[in-house]
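Each remark here refers to the structure printed beneath this line.
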């Protein structure tokens, strides 16, 4: 009986590991925001955020370490993947639409015109690493946090970030002209 | 210095662009809904595991109950041997696995123990005793009419009887049928079996140390000792190797 309760306490406390729900409550808004930044649909962003937490809860190794950087990295990856997936789907749908010859809805036109979509396109076009850096940077993460989340050397985060920004600007100008 | 400033400008410019992506200020992720979703999905993940546990427990119970009584055990064995028998390649794999490991299954003469003697009536009612066959090599086959692999072996045994009779070889069949002669006699007639067949009495399995499987085949040398034991269905070559080995060795023994 004693051994059983001891084992139970151990699994709950798990070497000082906070329990799943409290981590969820603490980190969920931030994770959802990172994803919502990248993809258009906030509802979908919330779904994906829950997916990220499920992945984390299943990953024993991730749970032992610091949750925050892991969650940030997973969130930005999931979001960028979703962005690419949506783009592929859109391309397919526009191809189908071409055959159907139905005009795009006003809403689509409106959305497509938005500046947001330009940035999203660039995130898709840029290298994955650079896109991850830019998204998390715009989320307000410091160099240290960026390094922890993306497994980078803290000393080189500044250089990498500057390079990513330059690449972003170059790509933007190449596509849309100056400003 | 200038470059640094330019870098900062680029940084600021990109930050501005990226800031456009920020979700609207009034948007707040719905934490309670997310948490409920998270918990529900975690449960969902856990449930299949429980389902597997149930399936495993159920199959364990079925296995145990199948093994519990001799009737069900025989039934399970019958199913299994039918499966093995039906699929030739499975049998081949199994046989390669076993016969490759031990090409000669004959015990060394000094390691052999005496076969227990018994006397049973054959189909015509004449008592047949194992001791009567001292000086001959006996293939003693335990079988049953309901046992599919046993029936598959019978033509093989008839062939052996035919081929080695002249060299002092005899096949004896002992049927383990619960229905006794009622089941065995029609079968004997339909298959025209050329060797003596008896029906086992209650003592028989006990006498031979509890039969582990059906068919079980013993090869008994000329001095009445058990020279080889075969459990289950075996390949023709396995029997033949053993029979030849025992026939040859005892021939040597008698000439010496």
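Can you tell me which residue in region A:103-138 is nearest to the other protein chains (Cβ to nearest Cβ), limited to those that are in a loop (DSSP other than H, G, I, E, B) and at pLDDT below 85?
A:114
Yes/no per residue for (1) loosely packed, with under 12 Cβ neighbours inside 10 Å; (2) on the phi > 0 side of the Ramachandran plot; (3) modelled with pLDDT of 85 or more; (4) outside any helix (DSSP H, G or I):
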| site | (1), (2), (3), (4) |
| --- | --- |
| B:52 | yes, no, yes, no |
| B:63 | yes, no, yes, no |
| B:71 | yes, no, no, no |
| B:74 | no, no, no, no |
| B:78 | no, no, no, no |
| B:94 | no, no, no, no |
| B:117 | no, no, yes, yes |
| B:121 | no, no, yes, yes |
(request) Test residue B:142 against the stated conditions and say whether it is under 18 Å from residue B:234 (Cα atoms) and touching a strand residue (DSSP E or B) at 6+ places or on another chain (Cβ under 7 Å). (result) yes
(request) Restricting attention to region B:160-183, report how many residues are part of a helix (DSSP H, G or I) and more than 25 Å from the chain's Cα centre (by Cα). (result) 10
(request) Could you list, in sequence order, all residues of region B:158-204 that are without any contact (Cβ under 8 Å) to a residue 40 or more places away in the chain, surrounded by 16 or more Cβ atoms within 10 Å (Cβ to Cβ) and touching a helix residue (DSSP H, G or I) at 6+ places or on another chain (Cβ under 9 Å)? (result) B:158, B:170, B:171, B:173, B:175, B:176, B:177, B:193, B:195
(request) Within region B:20-32, track down each residue that is within 9 Å of chain A (Cβ to nearest Cβ) and either farther than 21 Å from residue A:35 by Cβ or loosely packed, with under 12 Cβ neighbours inside 10 Å (or both). (result) B:24
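Would you call residue A:83 in a helix (DSSP H, G or I), more than 20 Å from residue B:41 (Cα to Cα) and at pLDDT 80 or above? First the steps, then the outcome.
Working: in a helix (DSSP H, G or I): yes; more than 20 Å from residue B:41 (Cα to Cα): yes; at pLDDT 80 or above: yes.
Spelling it out, residue A:83 is indeed in a helix (DSSP H, G or I), more than 20 Å from residue B:41 (Cα to Cα) and at pLDDT 80 or above.
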(request) Identify all residues within region A:143-179 that are facing chain B (nearest Cβ under 10 Å) and at positive phi; write none if there are none. (result) A:179
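The values are calculated or read from the model by the stated rules, or taken from the named source; none is laboratory data. Computed from a prediction, not measured in an experiment: that's the story for all the values here. Backbone-built Cβ (ideal geometry, glycine too); neighbour counts: all protein chains shown.
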